Amino acid sequence: MNLHRMLAVAWKEWREVVRDRLFFTMAFILPLMLMGVLGWGLSLDVENIPFVVVDHDNTPLSRDYIGHYTDSRYFRFRGYLADEHRIDPLLADSKVRLAIVIPPRFQERLLAGTPAPVQALIDGVFPFRAQTLKGYVAAINAAFSRNLLVKHLARSRGLPRTAAEAMVQPVRLETRYLYNQAIRSDWSMAPALIMLVLMVTPPFLTALGVVRERESGSIYNIYASTITKGEFIIGKLAPYAAISCFNILTLWIVAMQVFGAPFKGNAPFFYAASVVYVICTAGIGLLVSIWVRTQMAAVLLTMVITFIPAMLYSGMLVPIQSLSPEARLEAHLFPPLYYLRLTWGTFLKGLGPEALWRDVAILALYATLLWGIGWWRFTKRPGR
Amino acid sequence: MTPRDDAEHAPSAPLLCRVRGFGKRYGRLQAVKGIDLELHQGEIHGLIGPDGAGKSTLMKAIAGVLDFDQGRIELFGTPLDSERAAEAAKAQIGFMPQGLGLNLYAELSVEENIDFFAQLREIPPALREARKAELLAMTRLAPFRDRAMKHLSGGMKQKLGLVCTLVHQPRLVILDEPTTGVDPVSRRDFWAILTGLLRERGVTALVSTAYLDEASRFHRLAFLHQGRMLAEGSPERLQRLAPGHIAQLAPADPLAAFRAVRSRWPQAEVVGPLLRVFLREGEEPAELARRAVVGEEEITLHEPDLEDTFIALLRQRGLMEERAEESGSASGDQGDPAGETRRREPLIEARGLTRDFGRFRAVDHVDFQVCPGEIFGLLGANGAGKTTAIKMLTGILPPSSGEGRVAGADMARAGQAIKSRIGYMSQAFSLYEDLTVQENLRLFAGIYGLRNRERDRRIEWALELGDLTHLRRASTASLPMGQRQRLALGCALLHRPQVLFLDEPTSGVDPVGRRRFWEILLRLARIERVALLVTTHYMSEAEHCDRIALMYAGRIIADAPPAELKARLERRVGRLLSVVTAEPLRALERLEAAGFRDAALFGRHIHLFSRDPGATGEEIRRLLEAAHIAVEGIGVQPPGMEDVFVHEILAREREAVA
């Protein structure tokens, strides 16, 4: 291993990156842009759901029922409709996601002690949102029913309100959300996006960096010289790894300052783990660069093999345990899964090396494997 | 085999590289096969052939940057049979891949580029600075040390590439088409630098080129054609392989004479006012004179140049694409809308045509005219402004000032009607490779709005014009460059344009293909009275044009018929003397020391200009004989277009300084 030659390549590469406007943007601006675009755009909170009401009863009690929805931050009231036929076009146009139909004699039946049906029409196109929405509707409905019962009991038996409540709900559920007390999705999304951005951008840089040289023909300077392939690979990729190590810090700051995510864990440990992850993902770029010939192909292939595992097989959107067995196996084959455990663990749960060292070890193994294959497959005397 | 007689570099010089039965496949395609080659210490060895001949493949394999599957390469005495073996040889090799400046780093400065190559080769800093200073001075790049490579001209990029390849002082340099697309002055510089290195360090060079007129620069050369070795040896030996002479005559109607002699002498071509015919050894000019209807005394005999030899060799080995007999008098001649094009008013006219890109002036006050039936050549290096000028004349690009007129209309404002009178064939022929020949023609006919019988008639005409009738159902991707080029021409001519723009139509096409292409252009001009504007960077092609404009850095520095340009050069600097000696390197040194500053080495010949050839010849003979260098001959030669171009540029530069 000759340090001089390696440094020569690294220094040349560094100057090219900082002087080439496109590469500079890709190295330093693109990660922040991705973080911003996805951070603001990929909110999983279901709030402000537009809804309409068809109230055939139009009595104080029916209006009270509707009032439970309009007062909630989860719903946004879009007005009353005269009859059910008007609902369909609105749902079809996605102008509203929910419609509530109150039948005639709603108040009369409730006051008479007979159950009254209420219809909720939910846009079921996106199951995750529909399920959440149904949960909200059921909860509001239950609260309204309970209230009615409490009032009835208090009046009919002359009980104090608390006693009536205790009778109505013998088992009381006490929920406490740990780690993310406000269950704000940007607390969990921001660290997850660090995982995503560091999965995507380092391989982009490394793959394009190598393929660009091959496309222009300057790779022949390397092929024709006495530099060894190990020296070239390390020298060539070191600046990109260094840039990504810098980006870890900027993304970390953005996650905390812009998206307000708390960091509860061990900072040096998280940084070290992130460096391992970045070296690992840079290795993905190295492999891509060995198998493709044009920059175009490099971009496409990198997109596919980084974005998809990071989005779908990391546990970011869907818990790993909920995946099919095949998908679960697949998820374990990609590095994002392990790094996401690390980010969530350190950011939200405050865990340190004693709990997470296994994931770092797996990432390190992964990195060694990728770079090893890269070194093995790289040749200074290709067949074409 | 004839015995080897390359006096200077023959077996006496140590063998550096031996190639035996070399072959290479890319997938199912056998790109190169059965190549034998030897490189001796201290020679400049040339590889000559068109695109796809296998030059790059062979050079990359020798440089150890390409794995190969057939044959054997021995370099510095060890076989290159593994990556490890190739690595071992690399310290002593310098390799410059094809593509002007493409192997350099655009964002780095001249000095940073050199430093990078030096660091890669682990040259200690002190030594690096010394060599850098020396090489920068030699290439006259020293003033541009801090300029970013992307802001260099083509010629400077090429020289920087050479410096970077030489900085570790390799024993063998392998240069893949180093002069393609470079202006002639830079080309001269390049050869001077290479000659100097050869002289001072005994460097060996393997150089490929697509320009056959450069072949005389080599001590020995190999003609490659479609992956095979056609012939190898010194230029003199190659010429002896196809013995004969070039008969040159100036008939009243060169095209008619060409048609009259062609069936008897297939290797004939019209060059401007002249007819050149290759007569094989033993063939007498009398018969030629009779057929061409000229007096026998009007025929002059000349030594064939290497392009003639190359084509003669192809013909000898039966490797020529055989041409179908021409049916009757130029088919489709009804295409002459009589009267209209007979007038002598110019069809193409540039008046003070100028174009700026930001602060860069690509075309600078260009004026010229092209009349019907005239072939006008725009000659210049890559980046001289040729393509930009054509784009303004075809209305694709608006000029910054001045105007381009076609058939009297200003192209910046002209409507579709006038554009339909223009034919345009671009650098990268805009054919659809997945379509067949006929489908391409139909597509273009549709674009030009041709219908029914007219369409079918024009398509048949174009097929015949390009001699493609038998290939109408062939896929375009499968055609060799020459046929593709003729198809592109046919497509550009379907709508009977009166004006035809051709932007570097022949780059990458083999010499045979280029000749046939020029035959077609000549027919278009002379018979169909089309006005043709052709750009090229092949100096030798310029001779086919009726008028030539030399373009340099956006300006036209000369505009005249080729013969007049040459005559002007001879009036200015004298006749071109060619000195042949057994020891050209020593001879060159002696002559330079004696004050012949413009002496240049061409293989075994030394070229220089003299106002008094007789006296200068005597002086040279005396000088060399005093140094015990045997002089084999001193003769006067007509100058080439490159000489004209170089002197025009140098004259401009001197004016600018004064």
Taking the Cβ-Cβ separation of B:Glu122 and A:Arg384 as r and a Förster radius of 30 Å, what is the calculated FRET efficiency to the nearest 0.05? 0.55
Selection from A:Ala327, A:Ala224, A:Tyr366, by position along the positive dipole direction of chain A (Cβ): A:Ala224
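Roughly speaking, what is the stretch gain from B:Glu83 to B:Asn452, that is 0.36 nm per residue apart minus the C-alpha to C-alpha distance, in nm to one decimal? Write down the numbers at each step before the final one.
On the way: separation 369, 0.36 × 369 = 132.84 nm, distance 6.12 nm.
Stretched out fully, the B:Glu83 to B:Asn452 stretch lengthens by 126.7 nm.
Using a probe radius of 1.4 Å on heavy atoms only, what accessible surface per residue do you get for chain B? Whole Å² is fine.
Roughly 40 Å² per residue, with all protein chains present.
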Enumerate the calculated ³J(HN,Hα) couplings along the range A:232-237 in order (Karplus 6.51 cos²θ - 1.76 cosθ + 1.60, θ = phi - 60°), each rounded to whole Hz, writing x wherever the residue is Gly or Pro. 5, 4, 5, x, 5, 8
Selection from B:Thr300, B:Val271, B:Gln248, by position along the positive dipole direction of the range B:243-303 (Cβ): B:Val271
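If you put +1 on each Lys and Arg Cβ and -1 on each Asp and Glu Cβ, how big is the dipole of the protein assembly as shown around its Cα centre, in Debye rounded to 20?
Values: 126 positive and 116 negative charges, 730 e Å.
My answer is approximately 3500 debye.
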If a paramagnetic tag sat 7 Å from the Cα of B:Asp612 along the Cα-Cβ line, which residues of the range B:561-591 would have the backbone N under 20 Å from that point? B:570-579, B:591
Long-range amide H contacts for B:Gly244: which residues qualify at under 5 Å (H placed 1.01 Å from N, peptide plane, sequence gap of 5 or more or a different chain)? B:Glu281
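When the helices in chain B are scored as -39500 (n - 2.57) per DSSP H run of 4 or longer and the sum is shared across all residues, what 222 nm value do you end up with, to the nearest 500 deg cm²/dmol?
Numbers: 20 runs with 225 residues, N = 658.
Rounded to the nearest 500, it is -10500 deg cm²/dmol.
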Tell me the label-point distance for the pair B:Ala582, B:Gln248, using the 7 Å Cα-to-Cβ offset, in nm and rounded to one decimal. 3.1 nm
Sequence order, the range B:536-552: Karplus ³J(HN,Hα) from phi using 6.51 cos²θ - 1.76 cosθ + 1.60, θ = phi - 60°, Hz rounded, Gly and Pro as x, gives 7, 10, 7, 4, 5, 6, 4, 5, 6, 7, 6, 9, 10, 10, 8, 10, 9
How big is the shadow of the Cα convex hull of chain B, averaged over all directions, in nm²? 30.7 nm²
Angle between the Cα long axis of helix B:154-166 and the longest principal axis of chain B, 0 to 90 degrees, nearest 10? 30 degrees
Taking a crude spin-label model, label points 7 Å out from Cα along the C-beta direction, the A:Leu7 to A:Phe246 distance in nm is 1.9 nm
Compare A:Met189, A:Met33 by solvent-accessible area with a 1.4 Å probe and give them largest first, with all protein chains kept in place. A:Met33, A:Met189
Evaluate the distance, in nm, between pseudo-label points positioned 7 Å from the Cα of A:Phe128 and of B:Ala567 along their respective Cα→Cβ axes. 8.5 nm
Treating the angle as unsigned and between 0 and 90°, give the value, to the nearest 10°, between the Cα long axis of helix B:110-120 and the longest Cα principal axis of chain B. 50 degrees
What angle, in degrees between 0 and 90 and rounded to the nearest 10, separates the Cα long axis of helix B:511-526 from the longest principal axis of the Cα atoms of chain B? 30 degrees
Largest-first ordering by accessible area, 1.4 Å probe, given options A:Lys134, B:Lys33, A:Lys236: A:Lys134, B:Lys33, A:Lys236
Among A:Ser314, B:Leu522, B:His151, whose Cα lies farthest out toward the positive end of the dipole of the protein assembly as shown, if unit charges sit on the beta carbon of Lys, Arg (+1) and Asp, Glu (-1)? A:Ser314
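With the Cα gyration tensor of the protein assembly as shown in hand, convert its eigenvalues to equivalent ellipsoid semi-axes via √(5λ) and list them largest first in whole Å.
Details: eigenvalues 1108, 300, 120 Å².
That gives 74, 39, 25 Å for the three semi-axes.
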With the full set of protein chains in place, find how many percent of the accessible area of chain A is carbon and sulfur; take the probe as 1.4 Å. 64 percent
Over 31 Å between Cα atoms: which of B:Lys90/B:Lys159; A:Lys229/A:Lys264; B:Lys60/B:Lys132; A:Lys380/B:Lys150 fall into that group? A:Lys229/A:Lys264
Over chain B, calculate the relative contact order: mean separation of alpha carbon pairs under 8 Å at least 6 apart, over the residue count, as a percent. 12 percent
Size of the B/A contact, given as accessible area buried on both chains, probe 1.4 Å, in Å²: 2900 Å²
Using θ = phi - 60° and the Karplus relation 6.51 cos²θ - 1.76 cosθ + 1.60, list the HN-Hα couplings for the range A:337-347 in order, rounded to whole Hz, with x at every Gly or Pro. 3, 6, 6, 5, 4, 5, 5, 4, x, 7, 4
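Mind checking the dipole of the range A:49-168: about its Cα centre, +1 per Lys or Arg Cβ, -1 per Asp or Glu Cβ, Debye to the nearest 20? Don't skip to the end; give the middle numbers.
Values: 16 positive and 11 negative charges, 89 e Å.
Here the size comes out at about 420 debye.
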Identify the residues of the range A:249-274 with backbone N under 14 Å of a label point that sits 7 angstrom from the Cα of A:Ala182 along the Cα-to-Cβ direction, or state none. A:256-263
Take every DSSP beta bridge whose two residues both sit in the protein assembly as shown, then give the antiparallel share in percent to the nearest 5. 60 percent
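What is the local net charge at B:Leu127, summed over the other residues whose Cβ is closer than 12 Å to its Cβ (Lys, Arg +1; Asp, Glu -1)? Present the calculation step by step, with values, prior to reporting the outcome.
Numbers: positive: B:Arg121, B:Arg128, B:Arg131, B:Lys132; negative: B:Glu122, B:Glu129, B:Glu134.
That sum, taken over residues with Cβ under 12 Å, equals +1.
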Helix-derived [θ] at 222 nm for chain A: sum -39500 (n - 2.57) over DSSP H runs of at least 4, divide by residue count, nearest 500? -21500 deg cm²/dmol
If the label point sits 7 Å along Cα→Cβ of B:Ser430, residues of the range B:463-494 with amide N under 17 Å come out as B:485-494
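May I ask for the net charge around B:Lys90, where only other residues with Cβ less than 14 Å from the Cβ of B:Lys90 are counted and Lys, Arg are +1 while Asp, Glu are -1? Don't skip to the answer; put the middle values down first.
Numbers: positive: A:Arg5, A:Lys229, A:Lys380, A:Arg381, B:Lys60, B:Arg84, B:Arg121, B:Arg171; negative: A:Glu231, B:Glu83, B:Glu87, B:Glu122.
With Lys, Arg at +1 and Asp, Glu at -1, the neighbours total +4.
The values are calculated or read from the model by the stated rules, or taken from the named source; none is laboratory data. It should be emphasised that the depicted structure is a prediction, and the values quoted were computed from it without experimental measurement. With ideal geometry, Cβ positions are generated from the backbone for all residues, glycine too; neighbour counts draw on all protein chains shown. In case anyone asks, the SASA skips ligands and DNA or RNA and just uses the protein heavy atoms, side chains included. Shrake-Rupley method; radii C 1.70, N 1.55, O 1.52, S 1.80 Å.
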